[in-house]
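A.B. asks: What follows is a structure written as structure tokens; I'll ask about it next.
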Ligand code: NDP
């Protein structure tokens, strides 16, 4: 039976996203075949579409989804046909009615979590898990510590606000409008800065922290925030640069890190953290626990038909979205 998938023939704007007929075969060893109920929209999909992260062409898109397992290949023991499942995956291919994919990154979805929520939370929630639980300054983070989290009203951002509150952290969120700042505060940010109005957000961070600065900056905005992020850190602070929604981080001299107080910089990616099934399951169990307990609620404000993927990308790049968005096959 023919299925539908979004494919790009060449990198470029949202108009490159084409819904086409594809054949989805049987799973090979270590693979499963999944029928999607929903797919997550992520900023990394934009990097894949526009060529910032180059993919072999023609390419499928989408790295987050949820649905029902239809078949499992040889050697797959943690899933069986009929299981509800969700994943954050590399390689991409979630923008599709069904796909064959590596089983190691697919987890059983608890009954209490809906398919839409599962599709909206895996890549984003596992990212927040590794950022707040594993990407830490010297000495770790203690309740009461200040951290700065950019784009705090986005998909990753709203999960981070809530998870940070659960950990007792004082999260200072930045966002691009007063409405988004309010949303970040409602989800657990202790403070919010509209960095389109207060362009010198580092000065605000110093005010909030009585001049000390924060222990960690989690920065997915990149080019526009890099300098201010460094200027927001306390001595020995850590800048976790995990994305570049405004463009890549400019080249910098390591001497800057000495001048600004023996700082640390890391450039982590989720896919190093979920390289094995065991690691993915352990991180996923923690995420499922946060969601099942209600400490983290996944806010889905936007739903698009799969055939409308181009519009979802336009809205995401125009900074119009709040929280998470899903595509529905
Ligand atoms: P978001 O929903 O957060 O959308 C991106 C947000 O970035 C926008 O809403 C906007 O918020 C902000 N932004 C700032 N400047 C720009 C700009 N010039 N153009 C567009 N947006 C801008 O996306 P996601 O939740 O999907 O992802 C958040 C970030 O985390 C992305 O950069 C993504 O690549 C990164 N990421 C990294 C991972 C990793 O492991 N390294 C894994 C998962 C995500 P505002 O208007 O409030 O500024």
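A.B. asks: Within the stretch 39-50, identify whether any single residue is surrounded by fewer than 22 Cβ atoms within 10 Å (Cβ to Cβ) and either modelled with pLDDT under 95 or assigned to a strand (DSSP E or B) (or both), and answer yes or no.
C.D. replies: Within the stretch 39-50, not a single residue is surrounded by fewer than 22 Cβ atoms within 10 Å (Cβ to Cβ) and either modelled with pLDDT under 95 or assigned to a strand (DSSP E or B) (or both).
A.B. asks: Can you tell me how many residues in the stretch 190-210 are surrounded by fewer than 17 Cβ atoms within 10 Å (Cβ to Cβ) and part of a loop (DSSP other than H, G, I, E, B)?
C.D. replies: Counting residues in the stretch 190-210 that are surrounded by fewer than 17 Cβ atoms within 10 Å (Cβ to Cβ) and part of a loop (DSSP other than H, G, I, E, B) gives 6.
A.B. asks: Output the strands (runs of 3 or more DSSP E) that fall wholly within the stretch 213-329 and possess 1 or more residues being more than 12 Å from the ligand (Cβ to nearest atom), in contact with a strand residue (DSSP E or B) (Cβ under 8 Å, 6 or more places away or on another chain) and without any contact (Cβ under 8 Å) to a residue 40 or more places away in the chain, or say none.
C.D. replies: Numbers: elements: 214-219, 233-241, 264-266, 300-305, 324-328.
In the stretch 213-329, 233-241, 264-266, 300-305 are the strands (runs of 3 or more DSSP E) which contain 1 or more residues that are more than 12 Å from the ligand (Cβ to nearest atom), in contact with a strand residue (DSSP E or B) (Cβ under 8 Å, 6 or more places away or on another chain) and without any contact (Cβ under 8 Å) to a residue 40 or more places away in the chain.
A.B. asks: Condition first: within 16 Å of the ligand (Cβ to nearest atom) and either within 17 Å of residue 264 (Cα to Cα) or over 16 Å from the mean Cα position of the chain (by Cα) (or both). Can you find one or more residues in the stretch 156-163 that meet it?
C.D. replies: In the first step, residues of the stretch 156-163 are kept if they are within 16 Å of the ligand (Cβ to nearest atom); the result is 156-163.
Keeping just the survivors that are either within 17 Å of residue 264 (Cα to Cα) or over 16 Å from the mean Cα position of the chain (by Cα) (or both) gives none.
The answer is no; no qualifying residue exists.
A.B. asks: If you don't mind, another one. Considering each of 72, 68 in turn, give the residue that is modelled with pLDDT of 95 or more, more than 28 Å from residue 312 (Cα to Cα), buried (at least 16 other Cβ atoms within 10 Å of the Cβ) and not assigned by TED's automatic domain parsing to the domain that holds residue 160.
C.D. replies: Working: 68 fails: more than 28 Å from residue 312 (Cα to Cα).
Step by step, each of 72, 68 is checked, and only 72 is modelled with pLDDT of 95 or more, more than 28 Å from residue 312 (Cα to Cα), buried (at least 16 other Cβ atoms within 10 Å of the Cβ) and not assigned by TED's automatic domain parsing to the domain that holds residue 160.
The values are calculated or read from the model by the stated rules, or taken from the named source; none is laboratory data. Computed from a predicted model, the values in this text were never measured in an experiment. No Cβ is skipped: glycine too gets one built from the backbone with ideal geometry, and neighbour counts run over all protein chains shown.
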